[in-house]
Amino acid sequence: MSQHEIPIGTRVEIALEWPLMLNGSTPLQLTATGNVVRSEDRNFVVLFENCEFRTMKLRTEQRMAVG
């Protein structure tokens with residue numbers, strides 16, 4: 001295993017800011033959790049078990065654009 005390889009079985013959670021807003025005014029974030037099922041060098045595969053959208057607070061620049 002290289003120093004950059006992620007071990008199989010490692011629990012992973014990702015959070016991505018969604019590019020579109022809910023109802024045009026509420027920022028969204030997609031979160032997903034799962035386990036690494038394959039890993040080699042700097043690449044790995046995750047089998048995601050669940051995902052959900054979450055609402056986020058507006059950042060200052062978003063508030064100015066919406067308001």
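Taken together, the values in this text are just the output of simple stated rules run on the coordinates, not laboratory data. It should be emphasised that the depicted structure is a prediction, and the values quoted were computed from it without experimental measurement. No Cβ is skipped: glycine too gets one built from the backbone with ideal geometry, and neighbour counts run over all protein chains shown.
Only four residue types carry charge here, +1 at the Cβ of Lys and Arg and -1 at the Cβ of Asp and Glu. Report the dipole size of the stretch 11-58 about the Cα centre in Debye, rounded to the nearest 20. Walk me through the intermediate numbers first.
Values: 5 positive and 6 negative charges, 23 e Å.
About 120 debye.
Our estimate of slack between Asn35 and Leu20, defined as 0.36 nm per intervening residue step minus the Cα-Cα distance, is 2.7 nm. Over the chain, DSSP H runs of length four or greater, each weighted -39,500 (n - 2.57), average out per residue to a 222 nm ellipticity of -2500 deg cm²/dmol.
Along its three principal directions, the equivalent ellipsoid of the chain from the Cα gyration tensor extends over semi-axes of 34, 13, 7 Å, largest first.
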